[in-house]
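Student: Have a look at the structure that comes next, please.
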Amino acid sequence: MTNVIELKNLTKLYGSLRAVHQLNLTVGEGEIFGFIGPNGAGKTTTIRMMGGVILPTQGEILIDGISMAAEPVEAKMRIGFIPDRPFLYEKLTGMEFLKFTADLFHVEKGLFEEKSEEILKLFSLLDRADELIESYSHGMKQRLIIGAAILHDPRVIIVDEPMVGLDPAGIRLVKDLFRRLAGKGTTLFLSTHSLEVAEDLCHRIGIIHRGSLIATGSIDELRQLARVQESDLEALFLKLTEEEVSS
Amino acid sequence: MRDVLTLLRPRFLAMKNRMASGQQRDRMLARLCYGLVGFVFWAGLFALFYRVLKYFKNVEVFGDLLAFKLLAMALIAFFSLLMFSGILTALSKFYLSRDLPLVHSLPVPSEKIFLARWLETSVDSSWMVIAYSLPLFLAYGVVYKAGVLFYTTLFLNILPFCLIATTFSILLVLAFAPILPAGRMRSLSFVLGVLIFLLLLISFRLMRPEKFVNPESFATLLVYFKDMEMANEPCLPTTWFFDSIRAALSGAVGKTFFHTALSWSFCGSLIYLATWVSGPLYLKGLSRTQMVQGKRPGFSVLRRLPWLGPLQWLPGPVRAFALKDIKTFLRDQTQWPQIFLLAALIVLYLYNFSVLPLEKAPAQIVYLQNLFSFLNMGLAAFVLTAVSARFVFPAISIEGGAFWIVKSAPLSAGSYLRIKFFIYFVPLFLLSELLITATNVLLRVTPFMMTLSVTTMLFLSPGVVALALCLGTLYPDFSSENPAQTVTSLGGLIYMTLCSGFIASVIALEAGPVYTIFMVGLRGVSLSMAQWIWLVGSFSAAVILCVMAFAIPMRIAIRSLDEKLGG
């Protein structure tokens with residue numbers, strides 16, 4: 001399996017605060033990687049560094065073999081980035097926001113027309129496509145951002161808390177979409193608070209605590225690591241993070 | 001009363017905490033600087049009114065008439081400003097504040113909430129008008145050698161005057177809120193408020209108040225007297241204030257207190273009425289503003305924006321940001337009043353040039369025409385600076401919470417800033433050229449001055465816009481509810497200072513050579529070799545300065561944005 005995401009010694013300092021420390025990780029093609037950890041563990045900081053939204057203090061990020069530091073524009077062209085809070089341009093309509101994204105990612109006109117309608121229909125936004133984003137609910141904005149992120153068929157989708165603000169139908173829709181995209185070879189890196197989502201969706205899980213990656217692997221591998229049998233992810237998570245605190 | 005004070009407490013506590021935290025040092029410094037500028041302006045106003053009133057006082061027969069006519073006109077202007085400011089503040093305090101859901105969920109009677117908001121609105125909308133009306137009143141006091149009675153009357157009248165204007169504004173807002181379309185309140189009211197203000201401003205200017213000091217412009221002396229002595233409406237708050245001041249200046253104690261009592265009794269009744277009608281009206285209007293409707297772009301012309309067609313030929317990322325910025329700007333109705341205001345100021349600017357009494361001046365007309373044209377270059381550049389401060393300086397901050405889109409977009413900091421530069425440069429450059437050409441046409445200047453003005457603006461404009469973009473990048477405020485207000489930050493102050501210095505330097509470099517060329521032309525002689533060298537050197541220095549004012553800020557802005565993208 002080709003490595004599409006490579007994080008090498010990734011470190012981020014905010015003054016004296018070590019938000020992320022020496023993070024080393026690879027994620028393969030078509031893999032869904034879940035990133036879980038307690039509040040303030042460094043999940044969002046890692047995600048933002050991967051999306052090129054903030055620069056690391058040290059270390060390297062390779063997206064599809066392209067260095068985010070050396071060729072940020074090329075690396076970003078391969079990413080669909082979905083932040084945790086859906087801040088958008090409120091005075092654009094949903095359709096105009098998609099066109100804005102398409103222009104930024106050089107999506108051709110014909111392809112845009114075909115894909116935008118498909119995406120809006122998929123996310124139940126077609127009827128509201130010509131309304132200003134300021135009148136959308138939180139969940140609708142989140143769906144629009146997810147739609148915009150997949151518009152240019154990215155090699156990698158980086159998602160921070162994908163299910164926040166979505167209703168149960170929206171959650172199911174997004175889960176199915178992510179599975180389908182992974183099946184087609186898209187790599188997904190998602191951080192989540194919801195252990196249920198991670199357990200249900202991810203091929204591999206990484207647990208980050210106090211800026212360091214303390215465990216990675218499939219659910220079974222994590223069970224072995226935590227020396228527990230038949231335990232769910234919540235119990236595993238608590239055990240691993242507690243062990244880390246006590247050590 | 002305790003509930004009202006409790007409702008006001010968060011405001012004072014927030015102010016106290018802000019000052020204690022020290023995080024606002026930059027902002028405090030900026031406020032201090034703006035305070036100083038404000039004080040200089042205040043002192044200038046006092047000096048101006050003092051001179052005018054002193055002049056009036058020395059005019060026999062008409063002197064006092066002129067002085068009181070000025071007072072009556074000023075009071076009407078202040079009342080209009082108070083009403084305008086009151087409408088905008090009341091809208092914000094009563095219907096648009098973020099804390100309204102919290103405040104209305106508290107176990108406090110709605111009239112207490114109304115009174116707390118009324119008090120806040122009155123203070124916020126009046127303080128500046130009071131501050132800038134004081135130089136006028138003080139000038140009257142000094143010129144007419146007024147005693148304690150005048151200052152006491154002033155104090156006793158200015159309060160009900162402001163409260164009446166604000167309460168009227170609040171009543172207007174309360175009456176219109178329940179019938180305005182939900183979700184459109186902010187935009188419609190802002191537009192209406194500014195339109196009223198512009199109407200007043202333009203009508204006041206077109207009245208040509210300067211004609212009152214020139215009796216020759218009236219057909220007969222009788223018409224002039226009639227115009228001056230026109231009685232004020234007895235039922236207007238401005239009349240009560242005017243009559244109180246006039247009586248105080250003439251030492252008529254009884255009359256003074258009678259008119260003051262009229263003001264206070266009306267003020268009290270109005271506040272009672274407002275509190276009473278707020279019961280059925282306020283919550284009804286508030287409920288409408290809280291409704292969220294599916295909103296489509298306002299007007300078909302903005303929805304389709306067919307005139308943006310040519311932008312389709314631009315490269316993808318450039319088109320994306322250009323279209324986004326233009327659409328966002330045009331659809332944000334809170335921006336429209338400022339466009340109207342700008343348009344009105346330009347009309348007045350051009351109108352003032354059209355009525356310049358050049359033919360009455362003792363100097364040669366051709367000399368004055370060209371002198372005004374030269375000074376006008378500086379004036380037009382300062383107008384461009386002010387417009388850039390309002391529109392270009394916040395260009396980065398307006399991305400707000402959506403700045404993550406810029407950061408995660410496949411676009412370099414340089415490309416992003418160059419796109420922003422051209423989006424703003426093109427309209428502002430056209431505006432400055434329009435201003436300078438139109439005023440020069442009105443002044444009927446020589447072809448040399450016309451060419452010089454147009455060329456100077458061509459070289460100045462990129463620097464003015466680049467400086468605004470640079471300082472806006474160095475001092476962004478992504479969390480501001482109204483990015484336009486970021487110009488009052490330290491960055492805005494530095495921008496205004498740097499830009500003024502830049503414009504003044506270019507104008508100064510051109511002043512000497514232009515004067516020489518002009519005088520040589522008037523005397524009919526030719527330039528000496530030394531004068532030629534000085535000319536070329538001076539103009540070259542001006543060009544180099546303009547290029548540097550564009551290139552250096554752009555480079556600094558790109559570096560700064562690169563760092564910001566690094567978090």
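Student: Of the conditions (1) closer than 30 Å to B:GLU563 by Cβ; (2) surrounded by fewer than 23 Cβ atoms within 10 Å (Cβ to Cβ), B:VAL464 fails just one. Which one is it?
Tutor: Result: B:VAL464 fails condition (2) only.
Student: Right, here's the next one. Quick one: how many residues across segment B:33-73 are free of Cβ contacts under 8 Å to residues at least 12 places away in the same chain and not in a helix (DSSP H, G or I)?
Tutor: Qualifying residue count, segment B:33-73: 3.
Condition check ((1) among the aromatic types (Phe, Trp, Tyr); (2) in the same structural domain as B:THR239 (by TED's automatic domain parsing); (3) within 26 Å of B:LEU286 (Cα to Cα)) across all residues:
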{"residue": "B:SER97", "(1), (2), (3)": "no, yes, yes"}
{"residue": "B:PRO107", "(1), (2), (3)": "no, yes, yes"}
{"residue": "B:LYS112", "(1), (2), (3)": "no, yes, yes"}
{"residue": "B:GLU120", "(1), (2), (3)": "no, yes, yes"}
{"residue": "B:MET128", "(1), (2), (3)": "no, yes, no"}
{"residue": "B:VAL148", "(1), (2), (3)": "no, yes, no"}
{"residue": "B:PHE155", "(1), (2), (3)": "yes, yes, no"}
{"residue": "B:THR167", "(1), (2), (3)": "no, yes, yes"}
{"residue": "B:VAL173", "(1), (2), (3)": "no, yes, yes"}
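Student: Look through B:SER125, B:SER97, B:SER105 and report the one residue that is closer than 20 Å to B:LEU8 by Cβ and out of contact with any helix residue (DSSP H, G or I) (no Cβ under 9 Å at 6 or more places or on another chain).
Tutor: Numbers: B:SER125 fails: out of contact with any helix residue (DSSP H, G or I) (no Cβ under 9 Å at 6 or more places or on another chain); B:SER97 fails: out of contact with any helix residue (DSSP H, G or I) (no Cβ under 9 Å at 6 or more places or on another chain).
Of B:SER125, B:SER97, B:SER105, the one residue that is closer than 20 Å to B:LEU8 by Cβ and out of contact with any helix residue (DSSP H, G or I) (no Cβ under 9 Å at 6 or more places or on another chain) is B:SER105.
Student: Determine whether segment A:58-80 contains at least one residue that is touching a His at 6+ places or on another chain (Cβ under 8 Å) and over 30 Å from A:SER135 (Cα atoms).
Tutor: no
Student: Can you name the condition, by its number, that B:GLU399 falls short on among (1) away from chain A (no Cβ under 14 Å); (2) more than 22 Å from the chain's Cα centre (by Cα); (3) of a type outside the set (A, V, I, L, M, F, W, C)?
Tutor: It is condition (1) that B:GLU399 fails.
Student: So, A:ALA70, is that one surrounded by fewer than 21 Cβ atoms within 10 Å (Cβ to Cβ) and more than 11 Å from every other protein chain (Cβ to nearest Cβ) or not?
Tutor: Working: surrounded by fewer than 21 Cβ atoms within 10 Å (Cβ to Cβ): yes; more than 11 Å from every other protein chain (Cβ to nearest Cβ): yes.
Yes: the conditions hold for A:ALA70.
Student: Further question on the same structure: Of A:THR93, A:THR101, A:THR57, A:THR46, which residue is of a type in the set (Val, Ile, Thr), more than 9 Å from every other protein chain (Cβ to nearest Cβ) and out of contact with any Phe, Trp or Tyr (no Cβ under 8 Å at 6 or more places or on another chain)? I'd like the intermediate steps shown before the answer.
Tutor: Numbers: A:THR93 fails: more than 9 Å from every other protein chain (Cβ to nearest Cβ); A:THR101 fails: more than 9 Å from every other protein chain (Cβ to nearest Cβ); A:THR46 fails: out of contact with any Phe, Trp or Tyr (no Cβ under 8 Å at 6 or more places or on another chain).
None of the others qualify; the one that does is A:THR57.
Student: Just one of (1) under 24 Å from the mean Cα position of the chain (by Cα); (2) small (Gly, Ala, Ser); (3) over 30 Å from B:TYR144 (Cβ atoms) trips up B:SER122, so point out which.
Tutor: (3)
Student: When you check B:LEU379 against the structure, is it within 28 Å of the chain's Cα centre (by Cα) and away from chain A (no Cβ under 14 Å), yes or no?
Tutor: Taking the combined requirement at face value, the residue satisfies it.
Student: Taking the condition away from every other protein chain (no Cβ under 12 Å), surrounded by fewer than 17 Cβ atoms within 10 Å (Cβ to Cβ) and at negative phi, does A:GLU108 pass? Steps first, please.
Tutor: Numbers: away from every other protein chain (no Cβ under 12 Å): no; surrounded by fewer than 17 Cβ atoms within 10 Å (Cβ to Cβ): yes; at negative phi: yes.
So A:GLU108 fails the test.
Student: Somewhere in segment B:424-432, is a residue of a type in the set (S, T, N, Q), crowded, with 20+ Cβ neighbours inside 10 Å and out of contact with any Ser or Thr (no Cβ under 8 Å at 6 or more places or on another chain)?
Tutor: Taking segment B:424-432 as the starting set, the residues that turn out to be of a type in the set (S, T, N, Q) are B:432.
Then keep just the ones that are crowded, with 20+ Cβ neighbours inside 10 Å; that gives B:432.
Next cut, out of contact with any Ser or Thr (no Cβ under 8 Å at 6 or more places or on another chain) only: none.
Taking every residue of segment B:424-432 in turn, none turns out to be of a type in the set (S, T, N, Q), crowded, with 20+ Cβ neighbours inside 10 Å and out of contact with any Ser or Thr (no Cβ under 8 Å at 6 or more places or on another chain).
Student: Here is a further query. What pairs come out if I take residues in segment B:440-468 that are within 11 Å of B:MET377 (Cβ to Cβ) and pair them with residues that are not charged (D, E, K, R) and not in a helix (DSSP H, G or I) whose C-beta lies under 9 Å away, six or more apart or interchain?
Tutor: Filtered contacts from segment B:440-468: B:SER453/B:VAL445.
Student: Only one of these conditions is not met by B:SER263: (1) touching a Gly at 6+ places or on another chain (Cβ under 9 Å); (2) in a helix (DSSP H, G or I); (3) not hydrophobic (A, V, I, L, M, F, W, C). Which number is it?
Tutor: B:SER263 satisfies all of (1) touching a Gly at 6+ places or on another chain (Cβ under 9 Å); (2) in a helix (DSSP H, G or I); (3) not hydrophobic (A, V, I, L, M, F, W, C) except (1).
Student: A:ARG78 is checked against (1) more than 7 Å from chain B (Cβ to nearest Cβ); (2) buried (at least 21 other Cβ atoms within 10 Å of the Cβ); (3) touching a residue at least 60 places away in the same chain (Cβ under 8 Å) and fails just one. What number does that condition carry?
Tutor: If we test A:ARG78 against (1) more than 7 Å from chain B (Cβ to nearest Cβ); (2) buried (at least 21 other Cβ atoms within 10 Å of the Cβ); (3) touching a residue at least 60 places away in the same chain (Cβ under 8 Å), just (2) comes out false.
Student: Go through segment A:116-145 and report how many residues are within 14 Å of chain B (Cβ to nearest Cβ) and hydrophobic (A, V, I, L, M, F, W, C).
Tutor: So the count comes out to 8.
Student: Could you tell me which numbered condition A:GLU117 fails, if it satisfies all but one of (1) surrounded by 23 or more Cβ atoms within 10 Å (Cβ to Cβ); (2) at pLDDT 90 or above?
Tutor: Here A:GLU117 meets the rest and fails (1).
Student: Looking for whichever is of a type in the set (Gly, Ala, Ser), outside the structural domain of A:VAL27 (by TED's automatic domain parsing) and modelled with pLDDT of 90 or more here; the options are A:GLY147, A:GLY110, A:GLY139. Which one fits?
Tutor: A:GLY147
The values are calculated or read from the model by the stated rules, or taken from the named source; none is laboratory data. If you're wondering where the values come from, they're calculated on a predicted model, not measured in any experiment. Note: ideal-geometry Cβ built from the backbone for every residue, glycine included; neighbour counts use all protein chains shown.
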